[in-house]
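Each remark here refers to the structure printed beneath this line.
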Amino acid sequence: MNLVANSEKMQAIVRVASRVAPTNATVLITGESGTGKNALAEFIHAKSKRAASNLVKIDCASLPRDLLEAELFGYERGAFTGATEAKPGRLESAHKSTLLLDEIALLPIEAQAKLLRVIEHREFERLGGRKTFKIDVRLIAATNVDLETAIERKTFREDLFFRLNVVRIEVPPLRERQADISDLSDCFLRLFAVKHGFENLVLAKDAAEVLQKYDFPGNIRELSNLLERAILTADSNKLTLKDFPSSIQNAQKESEKWLTLAQLEARYVRETLLLTRGNKAEAARLLGISRKNLYERIARREEQ
């Protein structure tokens, strides 16, 4: 999906990204879950001198910790049980290109030390190997975690943070860039029209107006999910307010009320669980918190 930047905050980000894109500078992209950090990384790569090669991605949250290091650096035959043949890692695939390390805060501390060497010396060895590989790669890291706090907790290396934090770009949440909601909605409608075989999908005025007033705790990912569900359950290709959940239908009324912080938090948790159909792992991911933290918030909500 293209990077949408009608809001002033996003236009400022695009200006910085456009300036840094042609360089080899390492970029750290921060922001809440679902704000479009990957789209910004793709934009930077597309504007870089490495754009002729594919952007290589690795999601540190989607792989088990014991496999993540092997996926990133590759491994030699016999490096561990099941390694019946040598396999190059994502780093080698990204030679002469760009490597996006998504959710980098979840990279194991041992792998962080090896990544630091890659940044400093542009070299590494596969797991179980002795051959040193020289690498020409541009690194972009993304995270929804406060890395300074992770450093204090000893889960992230301070020296690696300083190496990554050359150019830092924070992507604002969707509630702070409402001028982007209309174009983002249009992009998703076109995308889902192709995906599901619909034609002439449009968003009715009443729905568009309420979406502009909604807080979107799940950011762009939540907007995408809401629109896709509405498309699949609507009676026609024109999406009206009745095709959206009650939480969206009541957004205008709720916005006129003063709510306590606890009430807002409980509402966000409830709506996210509804959005994910009770999938707590996905709900925690959308909210940008750990699963344990989500369980604690659910317990507090039930006690109220």
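At a glance:
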item	result
Accessible-area composition of the chain, carbon plus sulfur, in percent [1.4 Å probe]	48 percent
Whichever lysines have a C-alpha closer than 16 Å to that of Lys238, once near sequence neighbours (fewer than 8 apart) are set aside	Lys205
Size of charge dipole - region 149-281 - debye, nearest 20, with Cβ of Lys, Arg +1 and Asp, Glu -1, no other charges	400 debye
Cα centroid of region 100-130 to Cα centroid of region 1-55, whole Å	23 Å
The chain - charge dipole about Cα centre, Lys and Arg +1 at Cβ, Asp and Glu -1, debye rounded to 20	640 debye
Glu209-Ala46 FRET efficiency (beta carbon distance; Förster radius 35 Å; 0.05 resolution)	0.60
Solvent-accessible area per residue, Å², over region 121-214 with all protein chains present [probe radius 1.4 Å]	55 Å²
Residue-normalised accessible area of region 32-106, expressed per residue, 1.4 Å probe, Å²	47 Å²
Entries of Lys87/Lys195; Lys96/Lys292; Lys37/Lys213; Lys131/Lys292 with Cα pairs more than 30 Å apart	Lys87/Lys195; Lys96/Lys292; Lys131/Lys292
Sites excluded, chymotrypsin sites (Phe, Trp or Tyr not before Pro) in DSSP loops with at most 16 other C-beta within 10 Å, longest stretch of the chain	81-197
Selection from Thr143, Leu184, Ser53 lying farthest towards where the dipole of the chain points positive, charges on Cβ	Ser53
Local net charge near Asn2, Cβ-Cβ under 12 Å (Lys/Arg +1, Asp/Glu -1)	-3
Answer label for P(r) over Cα pairs in 20 Å bins from 0, in percent (calculated), chosen among (i) 29, 54, 17, 0; (ii) 33, 62, 5; (iii) 29, 48, 23, 1	(i)
Percent of alpha-carbon pairs separated by more than 20 Å within region 124-213	65 percent
Average Cα contact separation per residue, the chain, under 8 Å, 6 or more apart, as relative contact order %	19 percent
Helical contribution to [θ] at 222 nm, DSSP H n ≥ 4, -39,500 (n - 2.57), averaged over the chain, rounded to 500	-14000 deg cm²/dmol
Listed residues Thr132, Val118, Phe156: farthest to the positive end of the dipole of region 117-169 (Cβ charges)	Thr132
Label-reachable residues, region 262-286, where backbone N falls under 17 Å from a point 7 Å from Lys292's Cα toward its Cβ	281, 284-285
Given charges at Cβ of Lys, Arg, Asp, Glu: the chain dipole, positive-most of Phe80, Val210, Val27	Phe80
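The values are calculated or read from the model by the stated rules, or taken from the named source; none is laboratory data. Because the structure is predicted, anything quoted here is derived from the model rather than measured. Positions of Cβ are backbone-derived with ideal geometry, glycine not excepted, and every protein chain shown enters the neighbour counts. Areas reflect the complete protein model, heavy atoms only, side chains present, ligands, DNA and RNA absent. Shrake-Rupley method; radii C 1.70, N 1.55, O 1.52, S 1.80 Å.
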